[in-house]
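Single-structure report; data block below.
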Amino acid sequence: MSGTARRLGLVGLLAAAALWLLIAVPTPFVVYEPGLAAPLEPIVSVESGDEPGKGTFYLTTVKMSSVDSFWSAFRSAWSGDRELYRKKDVLGGQSMEEFAEKLRFAMQGSQTAAIEAAYRTAGVAYDIVPERLVVTDSRDPDAALRAGDIIWSADGDAVRSAAALAAALSDRQAGDSVVFSVERAGVRTQVKVRLAAGAGGEADPEALAAALGGVGLTELRRIEPLQPGNKVTIAAEGIGGPSAGLMFALQIYDLLTDGDLTGGIKVAGTGTIDAEGKIGAVGGTAYKVAAAARAGAGLFLAPEANYDEAEAKARALGGAMKVIPVATLADAIRELEAQPGGPPAPESGGQTVTGRR
(Lines give C-alpha, C1' and ligand atoms only; values in the text may rest on other atoms or scores of the structure.)
Protein backbone atom coordinates (compact mmCIF):
# COMPACT_ATOMS: atom_id res chain seq x y z
CA MET A 1 0.00 0.00 0.00
CA SER A 2 1.36 3.41 -0.98
CA GLY A 3 1.90 6.24 1.48
CA THR A 4 -1.00 8.14 -0.07
CA ALA A 5 -3.34 5.21 0.36
CA ARG A 6 -2.29 4.81 3.99
CA ARG A 7 -2.89 8.49 4.65
CA LEU A 8 -6.30 8.32 3.02
CA GLY A 9 -7.13 5.24 5.07
CA LEU A 10 -6.08 7.00 8.27
CA VAL A 11 -8.13 10.06 7.38
CA GLY A 12 -11.13 7.85 6.70
CA LEU A 13 -10.64 6.03 10.00
CA LEU A 14 -10.40 9.31 11.91
CA ALA A 15 -13.47 10.66 10.12
CA ALA A 16 -15.43 7.52 11.02
CA ALA A 17 -14.29 7.78 14.63
CA ALA A 18 -15.29 11.46 14.76
CA LEU A 19 -18.68 10.65 13.25
CA TRP A 20 -19.18 7.86 15.77
CA LEU A 21 -18.25 10.23 18.59
CA LEU A 22 -20.66 12.88 17.35
CA ILE A 23 -23.63 10.61 16.70
CA ALA A 24 -23.38 7.45 18.81
CA VAL A 25 -21.61 8.33 22.08
CA PRO A 26 -23.93 9.37 24.95
CA THR A 27 -23.22 12.77 26.50
CA PRO A 28 -23.17 13.94 30.13
CA PHE A 29 -25.64 16.71 29.30
CA VAL A 30 -29.34 17.50 29.45
CA VAL A 31 -30.96 20.24 27.42
CA TYR A 32 -33.56 22.75 28.54
CA GLU A 33 -35.94 24.33 26.02
CA PRO A 34 -39.44 25.83 25.89
CA GLY A 35 -42.09 23.31 26.81
CA LEU A 36 -45.87 23.46 26.81
CA ALA A 37 -48.21 26.38 27.18
CA ALA A 38 -51.25 24.36 28.24
CA PRO A 39 -54.75 25.86 28.64
CA LEU A 40 -56.05 25.27 32.16
CA GLU A 41 -59.76 25.05 31.37
CA PRO A 42 -59.64 21.29 30.60
CA ILE A 43 -57.22 20.65 33.48
CA VAL A 44 -58.89 22.46 36.40
CA SER A 45 -62.56 22.23 37.31
CA VAL A 46 -64.82 23.20 40.22
CA GLU A 47 -67.89 21.07 40.94
CA SER A 48 -70.42 23.94 40.79
CA GLY A 49 -68.09 26.68 39.61
CA ASP A 50 -68.72 29.75 37.50
CA GLU A 51 -68.77 29.33 33.73
CA PRO A 52 -65.33 29.76 32.09
CA GLY A 53 -64.79 33.18 30.53
CA LYS A 54 -63.90 34.09 26.97
CA GLY A 55 -60.18 34.23 27.73
CA THR A 56 -57.85 31.43 28.81
CA PHE A 57 -55.33 30.86 31.57
CA TYR A 58 -52.21 28.94 30.52
CA LEU A 59 -49.63 27.13 32.59
CA THR A 60 -46.16 27.13 31.05
CA THR A 61 -43.43 24.52 31.29
CA VAL A 62 -39.80 23.84 30.50
CA LYS A 63 -38.86 20.70 28.58
CA MET A 64 -35.81 18.85 29.86
CA SER A 65 -34.38 15.89 27.98
CA SER A 66 -31.16 13.92 27.76
CA VAL A 67 -28.77 14.87 24.98
CA ASP A 68 -28.21 11.62 23.11
CA SER A 69 -25.20 12.68 21.07
CA PHE A 70 -22.49 15.30 20.91
CA TRP A 71 -23.90 16.36 17.54
CA SER A 72 -27.14 17.29 19.31
CA ALA A 73 -25.09 19.05 21.98
CA PHE A 74 -23.33 21.19 19.36
CA ARG A 75 -26.67 22.04 17.71
CA SER A 76 -28.14 23.03 21.08
CA ALA A 77 -25.19 25.28 21.84
CA TRP A 78 -26.07 27.39 18.77
CA SER A 79 -29.80 27.63 19.53
CA GLY A 80 -31.20 30.66 21.30
CA ASP A 81 -33.98 28.64 22.93
CA ARG A 82 -31.96 25.60 24.03
CA GLU A 83 -29.37 25.46 26.80
CA LEU A 84 -27.09 22.67 27.96
CA TYR A 85 -26.50 21.67 31.57
CA ARG A 86 -24.45 18.85 33.04
CA LYS A 87 -26.63 15.98 34.23
CA LYS A 88 -24.87 15.76 37.58
CA ASP A 89 -25.59 19.45 38.26
CA VAL A 90 -29.28 19.02 37.47
CA LEU A 91 -29.95 15.57 38.90
CA GLY A 92 -27.68 15.81 41.95
CA GLY A 93 -26.85 12.12 41.89
CA GLN A 94 -30.42 10.98 41.22
CA SER A 95 -31.47 8.93 38.24
CA MET A 96 -33.81 10.48 35.68
CA GLU A 97 -36.59 8.31 37.11
CA GLU A 98 -35.96 9.53 40.68
CA PHE A 99 -35.79 13.12 39.46
CA ALA A 100 -39.12 12.72 37.64
CA GLU A 101 -40.66 11.22 40.78
CA LYS A 102 -39.46 14.21 42.80
CA LEU A 103 -41.08 16.58 40.31
CA ARG A 104 -44.32 14.59 40.37
CA PHE A 105 -44.66 14.91 44.13
CA ALA A 106 -43.71 18.60 43.93
CA MET A 107 -46.56 19.06 41.46
CA GLN A 108 -49.01 17.38 43.84
CA GLY A 109 -47.91 19.65 46.68
CA SER A 110 -48.25 22.66 44.39
CA GLN A 111 -51.82 21.72 43.49
CA THR A 112 -52.79 21.43 47.15
CA ALA A 113 -51.24 24.81 47.97
CA ALA A 114 -52.98 26.41 44.98
CA ILE A 115 -56.37 25.08 46.07
CA GLU A 116 -55.88 26.32 49.62
CA ALA A 117 -54.65 29.75 48.47
CA ALA A 118 -57.63 30.14 46.13
CA TYR A 119 -60.07 29.06 48.86
CA ARG A 120 -58.58 31.51 51.35
CA THR A 121 -58.70 34.37 48.86
CA ALA A 122 -62.25 33.59 47.68
CA GLY A 123 -63.54 33.11 51.24
CA VAL A 124 -64.34 29.41 50.88
CA ALA A 125 -64.36 27.36 54.12
CA TYR A 126 -62.42 24.11 54.02
CA ASP A 127 -60.79 21.32 56.01
CA ILE A 128 -57.20 20.08 55.69
CA VAL A 129 -56.72 16.31 55.71
CA PRO A 130 -53.07 15.08 55.86
CA GLU A 131 -52.65 11.99 53.69
CA ARG A 132 -48.97 11.06 53.47
CA LEU A 133 -45.42 12.29 53.91
CA VAL A 134 -43.11 11.92 50.92
CA VAL A 135 -39.34 12.17 50.52
CA THR A 136 -38.85 14.64 47.66
CA ASP A 137 -35.09 15.10 47.81
CA SER A 138 -32.05 13.25 49.11
CA ARG A 139 -28.62 14.86 48.89
CA ASP A 140 -26.80 11.57 49.39
CA PRO A 141 -27.54 8.98 46.66
CA ASP A 142 -26.59 6.25 49.15
CA ALA A 143 -28.92 7.53 51.90
CA ALA A 144 -31.40 5.09 53.40
CA LEU A 145 -34.33 7.35 52.51
CA ARG A 146 -34.60 8.09 48.79
CA ALA A 147 -36.53 10.58 46.70
CA GLY A 148 -39.98 9.15 46.01
CA ASP A 149 -40.24 7.16 49.27
CA ILE A 150 -43.59 7.42 51.02
CA ILE A 151 -43.09 7.28 54.81
CA TRP A 152 -45.77 5.25 56.58
CA SER A 153 -44.26 4.77 60.05
CA ALA A 154 -41.24 5.52 62.26
CA ASP A 155 -40.38 2.79 64.81
CA GLY A 156 -43.97 1.57 64.55
CA ASP A 157 -45.62 4.98 65.00
CA ALA A 158 -47.92 5.79 62.09
CA VAL A 159 -46.82 8.81 60.04
CA ARG A 160 -49.13 10.72 57.73
CA SER A 161 -47.89 14.26 58.30
CA ALA A 162 -44.89 16.33 59.33
CA ALA A 163 -46.48 16.79 62.75
CA ALA A 164 -46.81 13.02 63.21
CA LEU A 165 -43.16 12.49 62.23
CA ALA A 166 -42.03 15.23 64.62
CA ALA A 167 -44.00 13.56 67.42
CA ALA A 168 -42.47 10.16 66.62
CA LEU A 169 -38.97 11.65 66.79
CA SER A 170 -39.59 13.98 69.74
CA ASP A 171 -37.50 11.99 72.26
CA ARG A 172 -34.74 10.99 69.83
CA GLN A 173 -31.29 12.53 69.71
CA ALA A 174 -28.47 12.73 67.20
CA GLY A 175 -26.96 9.27 66.67
CA ASP A 176 -30.17 7.37 67.49
CA SER A 177 -31.35 4.85 64.90
CA VAL A 178 -34.94 4.84 63.70
CA VAL A 179 -36.58 2.14 61.57
CA PHE A 180 -38.86 3.62 58.91
CA SER A 181 -41.51 1.71 57.00
CA VAL A 182 -41.60 3.20 53.51
CA GLU A 183 -43.27 2.50 50.20
CA ARG A 184 -40.70 2.51 47.40
CA ALA A 185 -41.79 1.98 43.79
CA GLY A 186 -45.02 0.43 45.07
CA VAL A 187 -43.33 -2.01 47.47
CA ARG A 188 -43.30 -1.71 51.28
CA THR A 189 -39.86 -2.02 52.84
CA GLN A 190 -38.04 -1.06 56.04
CA VAL A 191 -34.95 1.12 56.24
CA LYS A 192 -32.85 2.15 59.23
CA VAL A 193 -31.85 5.79 59.54
CA ARG A 194 -29.24 7.15 61.92
CA LEU A 195 -30.40 10.62 62.96
CA ALA A 196 -28.00 13.46 62.21
CA ALA A 197 -29.70 15.75 64.78
CA GLY A 198 -32.67 15.94 67.09
CA ALA A 199 -35.91 17.08 65.43
CA GLY A 200 -36.94 19.25 68.36
CA GLY A 201 -40.48 17.85 68.51
CA GLU A 202 -41.81 20.52 66.14
CA ALA A 203 -43.21 20.00 62.64
CA ASP A 204 -40.58 22.33 61.21
CA PRO A 205 -39.47 21.20 57.74
CA GLU A 206 -35.89 22.42 58.22
CA ALA A 207 -35.52 20.71 61.61
CA LEU A 208 -36.92 17.44 60.25
CA ALA A 209 -34.68 17.65 57.17
CA ALA A 210 -31.63 18.24 59.39
CA ALA A 211 -32.54 15.30 61.63
CA LEU A 212 -32.77 13.00 58.60
CA GLY A 213 -29.45 14.13 57.15
CA GLY A 214 -30.67 16.69 54.64
CA VAL A 215 -33.65 14.76 53.29
CA GLY A 216 -36.37 16.95 51.78
CA LEU A 217 -39.94 16.17 52.81
CA THR A 218 -43.31 17.16 51.36
CA GLU A 219 -46.60 16.69 53.17
CA LEU A 220 -49.33 15.70 50.74
CA ARG A 221 -52.70 16.87 51.96
CA ARG A 222 -56.27 16.84 50.76
CA ILE A 223 -58.15 20.14 50.88
CA GLU A 224 -61.86 19.49 51.41
CA PRO A 225 -64.37 22.37 51.04
CA LEU A 226 -67.24 22.39 53.54
CA GLN A 227 -69.61 22.96 50.61
CA PRO A 228 -69.28 20.06 48.10
CA GLY A 229 -70.04 22.39 45.20
CA ASN A 230 -66.68 24.07 45.74
CA LYS A 231 -64.70 20.86 45.27
CA VAL A 232 -61.71 21.30 42.95
CA THR A 233 -60.35 18.65 40.59
CA ILE A 234 -56.98 19.03 38.85
CA ALA A 235 -55.95 16.57 36.14
CA ALA A 236 -52.33 17.44 35.27
CA GLU A 237 -50.80 14.05 34.57
CA GLY A 238 -47.44 14.18 32.86
CA ILE A 239 -46.54 17.64 34.19
CA GLY A 240 -44.07 17.88 37.09
CA GLY A 241 -42.66 20.50 39.42
CA PRO A 242 -44.18 23.25 41.57
CA SER A 243 -44.04 26.21 39.18
CA ALA A 244 -47.66 26.04 37.93
CA GLY A 245 -49.00 26.91 41.39
CA LEU A 246 -49.86 30.53 40.57
CA MET A 247 -51.75 29.66 37.40
CA PHE A 248 -53.65 26.81 39.09
CA ALA A 249 -54.72 29.22 41.84
CA LEU A 250 -55.90 31.86 39.35
CA GLN A 251 -57.97 29.35 37.39
CA ILE A 252 -59.54 28.01 40.61
CA TYR A 253 -60.28 31.50 41.93
CA ASP A 254 -61.85 32.49 38.61
CA LEU A 255 -64.16 29.46 38.72
CA LEU A 256 -65.08 30.12 42.37
CA THR A 257 -66.05 33.75 41.74
CA ASP A 258 -68.32 35.58 39.32
CA GLY A 259 -66.97 37.20 36.18
CA ASP A 260 -64.15 36.57 33.72
CA LEU A 261 -60.81 37.26 35.40
CA THR A 262 -58.95 36.77 32.10
CA GLY A 263 -60.53 39.85 30.56
CA GLY A 264 -61.12 37.82 27.41
CA ILE A 265 -57.42 37.33 26.55
CA LYS A 266 -54.83 34.58 26.85
CA VAL A 267 -53.06 34.93 30.20
CA ALA A 268 -49.94 32.83 30.82
CA GLY A 269 -47.52 32.80 33.72
CA THR A 270 -45.40 30.90 36.18
CA GLY A 271 -44.59 30.88 39.88
CA THR A 272 -44.76 28.65 42.92
CA ILE A 273 -47.41 29.42 45.51
CA ASP A 274 -47.92 28.64 49.18
CA ALA A 275 -51.15 28.27 51.14
CA GLU A 276 -51.14 31.97 52.04
CA GLY A 277 -50.87 32.99 48.39
CA LYS A 278 -47.22 34.05 48.35
CA ILE A 279 -45.61 33.58 44.94
CA GLY A 280 -42.09 32.17 44.73
CA ALA A 281 -39.35 32.31 42.12
CA VAL A 282 -38.89 29.55 39.56
CA GLY A 283 -36.28 28.40 37.07
CA GLY A 284 -36.40 28.53 33.29
CA THR A 285 -38.56 31.66 33.09
CA ALA A 286 -37.25 32.68 29.66
CA TYR A 287 -38.22 29.30 28.20
CA LYS A 288 -41.72 29.68 29.63
CA VAL A 289 -42.06 33.16 28.15
CA ALA A 290 -41.11 31.67 24.77
CA ALA A 291 -43.74 28.94 25.17
CA ALA A 292 -46.36 31.56 26.11
CA ALA A 293 -45.48 33.70 23.09
CA ARG A 294 -45.85 30.70 20.79
CA ALA A 295 -49.34 30.14 22.22
CA GLY A 296 -50.29 33.76 21.48
CA ALA A 297 -50.57 34.93 25.10
CA GLY A 298 -51.21 38.64 25.53
CA LEU A 299 -50.10 38.79 29.17
CA PHE A 300 -47.47 36.94 31.19
CA LEU A 301 -47.43 36.95 35.03
CA ALA A 302 -43.98 36.43 36.54
CA PRO A 303 -42.72 36.25 40.13
CA GLU A 304 -41.01 39.48 41.12
CA ALA A 305 -37.63 37.73 41.32
CA ASN A 306 -38.01 36.51 37.72
CA TYR A 307 -39.45 39.69 36.19
CA ASP A 308 -36.23 41.03 34.63
CA GLU A 309 -35.54 37.71 32.89
CA ALA A 310 -39.13 37.42 31.67
CA GLU A 311 -39.29 41.02 30.43
CA ALA A 312 -35.95 40.72 28.62
CA LYS A 313 -37.07 37.55 26.85
CA ALA A 314 -40.40 39.08 25.85
CA ARG A 315 -38.62 42.11 24.37
CA ALA A 316 -36.17 39.86 22.52
CA LEU A 317 -39.05 37.93 20.96
CA GLY A 318 -40.85 41.08 19.86
CA GLY A 319 -44.62 40.99 19.72
CA ALA A 320 -47.07 42.65 22.08
CA MET A 321 -47.04 40.31 25.08
CA LYS A 322 -47.00 42.29 28.33
CA VAL A 323 -45.08 41.02 31.38
CA ILE A 324 -46.27 41.92 34.89
CA PRO A 325 -44.43 41.09 38.16
CA VAL A 326 -46.53 39.75 41.05
CA ALA A 327 -45.67 38.83 44.65
CA THR A 328 -48.95 37.31 45.85
CA LEU A 329 -52.13 35.79 44.48
CA ALA A 330 -53.97 38.94 45.57
CA ASP A 331 -51.49 41.02 43.53
CA ALA A 332 -52.15 38.89 40.46
CA ILE A 333 -55.91 39.23 40.85
CA ARG A 334 -55.69 43.03 41.23
CA GLU A 335 -53.47 43.29 38.15
CA LEU A 336 -55.91 41.25 36.08
CA GLU A 337 -58.89 43.26 37.31
CA ALA A 338 -57.06 46.43 36.29
CA GLN A 339 -56.47 45.26 32.71
CA PRO A 340 -58.75 46.54 29.94
CA GLY A 341 -61.72 44.20 29.80
CA GLY A 342 -61.01 42.77 33.24
CA PRO A 343 -63.86 42.24 35.73
CA PRO A 344 -64.66 45.00 38.24
CA ALA A 345 -62.94 44.60 41.59
CA PRO A 346 -65.28 43.49 44.40
CA GLU A 347 -66.50 46.22 46.72
CA SER A 348 -64.75 44.51 49.62
CA GLY A 349 -61.89 42.03 49.57
CA GLY A 350 -62.54 38.33 49.84
CA GLN A 351 -62.75 36.90 53.34
CA THR A 352 -59.81 34.78 54.39
CA VAL A 353 -60.96 31.45 55.80
CA THR A 354 -58.35 29.21 57.37
CA GLY A 355 -58.66 25.47 57.30
CA ARG A 356 -59.67 23.49 60.36
CA ARG A 357 -56.88 21.11 61.25
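General observations
- Apportionment of accessible area to carbon and sulfur, the range 138-196, percent (1.4 Å): 43 percent
- Entries in LYS54/LYS231; LYS63/LYS322; LYS54/LYS278; LYS54/LYS288; LYS63/LYS192; LYS278/LYS313 that, when Cα-Cα distance is taken, lie over 29 Å: LYS63/LYS192
- Area of ILE234 that stays accessible when all protein chains are in place (1.4 Å probe, Å², to 10): 30 Å²
- Rg/Rh, computed from the Cα trace of the range 133-211 with Rh as the Kirkwood radius, has the value 0.92.
- Per residue solvent-accessible surface (Å²) - the range 187-298, probe of 1.4 Å: 41 Å²
- Multiplying the residue separation of ASP171 and ALA158 by 0.36 nm and removing their Cα-Cα distance gives an extension gain of 3.1 nm.
- Linear extension gain, ASP258 paired with GLU304, 0.36 nm per residue minus alpha-carbon span: 13.8 nm
The values are calculated or read from the model by the stated rules, or taken from the named source; none is laboratory data. These figures come from a predicted structure and were not determined experimentally. The area values use the complete protein model at the heavy-atom level, side chains included, leaving out ligands, DNA and RNA. Shrake-Rupley method; radii C 1.70, N 1.55, O 1.52, S 1.80 Å.
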